[in-house]
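First comes the structure, then the notes that go with it.
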Amino acid sequence: MTNNAFVVNKTEDGKFVSGIEQIETPTIGENEVLIKASYSSLNFKDALSSVGNPGVTRNFPHVTGIDVAGVIEMSNSSEFKKGDAVLVTGYDMGMNTDGGHQSYVKVPASWVLKKPATLSDKEIMTYGTAGLTAGLSVNELLQNGVTPQSGEILVTGATGGVGSITVSILSKLGFDVVAISGKEDKIPFLKDLGAKEVILRKDFDVENKKPMVRERFAGVVDTVGGNILSEALKALKYDGVATCCGLTSSFKLNTNVFPFILRGARLIGIDSVECKIEKKLAVWNKFENEFKIDTLDKITNEISLEDLPSAYQTILDGKVVGRYIVKI
Ligand SMILES: NC(=O)c1ccc[n+]([C@@H]2O[C@H](COP(=O)([O-])OP(=O)(O)OC[C@H]3O[C@@H](n4cnc5c(N)ncnc54)[C@H](OP(=O)(O)O)[C@@H]3O)[C@@H](O)[C@H]2O)c1
């Protein structure tokens, strides 16, 4: 079986070089499965792995790709049999375990989910880790009492993978979405996804010395961290809820206690990587129902393994719009 893979190698002088190689098809051990991949996707974390970021990947050579959809080729688990349609997002796949950017992917069976019946592999990978993270974030707002009647929801990093899917889900659920983006030319794109208003990042990413500002947002889905999350917390309405999943602006968060002790604000962390598989499954079920969005075509950029280097650069430059999916 030919196994085409996108491999990152570390050279003797500590540089990282990548490209397509034919590598050995993995052999599986107890409670492991081999997946014949049909589609994968690209996420910010894959881009970091591709340039050797040690916070993501320390073992090289390495195959990138934290998401994969396909069918079971071989199984040493009673849970799965050859031909089952499946998907994997997160856990260690694409970090220090070879990932989805190859023809055959070996993973522990405990990381694998049966494919949602009404979604195609292409749709599943358009959601991917980004969609799962968006879904988990929206779930937290809903479970903590935020409703469309509560007021506007702020979504940051809005043209990115997590941001664009979050805007789409929230608007489908009837929320008034205010999007923050660095891309002035993508305001029509964000309005087309359902944003009611777009704030330019440069107008919000400011270090404001005031401990709080006028109450505006009932909820915040933040994907960028830094000043933007700090300012968003100060603008939460009474009982407001903010979720935090990312760091494309900064991993730092300079805040103060006033939004929490005077307005009852809540800040909730989101992790879609190690979260329990049951929690992942609950979001995938929603993607077949209330979270199913009709904007997937607008946010999908389909590429092949050959296109990964330029797509990774686009992500690292913060210029990505929507989701890259990779046909294997
Ligand atoms: N916790 C988890 O489980 C989890 C899961 C998935 C992703 N994440 C994290 O969430 C973040 C977003 O992921 P993603 O897949 O959506 O990434 P992405 O597709 O690369 O999008 C990131 C977006 O962030 C904005 N951005 C870029 N540079 C920025 C800067 N310097 N300051 C402020 N905003 C900037 C851009 O949107 P605009 O131009 O529209 O502003 C960009 O499109 C990443 O940090 C990722 O690692 C975490």
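The values are calculated or read from the model by the stated rules, or taken from the named source; none is laboratory data. Note that this is a predicted model, so its numbers are computed, not measured. Note: ideal-geometry Cβ built from the backbone for every residue, glycine included; neighbour counts use all protein chains shown.
Note on region 154-169: among residues that are within 12 Å of the ligand (Cβ to nearest atom) and among the polar types (S, T, N, Q), the one that is surrounded by the fewest Cβ atoms within 10 Å (Cβ to Cβ) is T159.
The residues on offer are G151, G174, G135, and the sole one that is without any contact (Cβ under 8 Å) to a residue 40 or more places away in the chain and more than 10 Å from the ligand (Cβ to nearest atom) is G174.
Residue pairs whose Cβ atoms lie under 8 Å apart, sitting 6 or more positions apart in sequence or on different chains, and linking a residue in region 298-323 that is in contact (Cβ under 8 Å) with a residue 12 or more places away in the chain and within 12 Å of the ligand (Cβ to nearest atom) to a partner that is of a type in the set (D, E) and not in a helix (DSSP H, G or I), do not occur here.
I'm told G246 meets every condition in (1) within 16 Å of the ligand (Cβ to nearest atom); (2) over 19 Å from V138 (Cα atoms) except one. Can you identify the failing condition by its number? Against the list (1) within 16 Å of the ligand (Cβ to nearest atom); (2) over 19 Å from V138 (Cα atoms), G246 comes up short only on (2). Residues in region 273-299 that are among the charged types (D, E, K, R) and in a loop (DSSP other than H, G, I, E, B): E274, K276, E288, E290, K292, D294.
Within region 73-85, residues that are in contact (Cβ under 8 Å) with a residue 12 or more places away in the chain sit with their Cβ atoms under 6 Å from residues that are exposed (fewer than 14 other Cβ atoms within 10 Å of the Cβ) and in a loop (DSSP other than H, G, I, E, B), at 6+ positions apart or across chains, in these pairs: S75/K81; N76/E30; S77/N31. Of the residues in region 190-210, not one is among the hydrophobic types (A, V, I, L, M, F, W, C), modelled with pLDDT of 95 or more, farther than 20 Å from V146 by Cα and over 23 Å from the mean Cα position of the chain (by Cα).
Yes/no per residue for (1) under 26 Å from N4 (Cβ atoms); (2) among the β-branched types (V, I, T); (3) part of a loop (DSSP other than H, G, I, E, B):
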{"residue": "L262", "(1), (2), (3)": "no, no, no"}
{"residue": "D271", "(1), (2), (3)": "no, no, yes"}
{"residue": "N301", "(1), (2), (3)": "yes, no, no"}
{"residue": "I325", "(1), (2), (3)": "yes, yes, no"}
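Restricting the first member to region 41-52 and to residues that are under 12 Å from G161 (Cα atoms) and among the small types (G, A, S), and the second to residues that are in a helix (DSSP H, G or I) and within 11 Å of the ligand (Cβ to nearest atom), the beta-carbon pairs closer than 6 Å and six or more apart or on different chains are S41/G128. Remark: pairs (first residue in region 186-210, under 12 Å from I228 (Cβ atoms); second residue outside any loop (DSSP other than H, G, I, E, B) and among the hydrophobic types (A, V, I, L, M, F, W, C); Cβ separation under 7 Å; 6+ apart in sequence or on different chains) = I199/V178; I199/I180; R201/I180; F204/I180; F204/I228; D205/I228.
Among the numbered conditions (1) surrounded by fewer than 21 Cβ atoms within 10 Å (Cβ to Cβ); (2) in contact with a strand residue (DSSP E or B) (Cβ under 8 Å, 6 or more places away or on another chain), the only one that C245 does not meet is (1). Annotation: of all residues in region 250-260 being in a helix (DSSP H, G or I) and out of contact with any Pro (no Cβ under 6 Å at 6 or more places or on another chain), the one that is surrounded by the most Cβ atoms within 10 Å (Cβ to Cβ) is P259. Of all residues in region 170-200, those satisfying the criterion of being surrounded by 21 or more Cβ atoms within 10 Å (Cβ to Cβ) and in a helix (DSSP H, G or I) are L170, S171, F189, L190, L193. Taken over region 25-73, residues that are closer than 13 Å to T97 by Cβ, within 15 Å of the ligand (Cβ to nearest atom) and assigned to a loop (DSSP other than H, G, I, E, B) amount to 5.
Among all residues of region 276-295, there is at least one that is under 20 Å from the mean Cα position of the chain (by Cα), crowded, with 16+ Cβ neighbours inside 10 Å and at pLDDT below 95.
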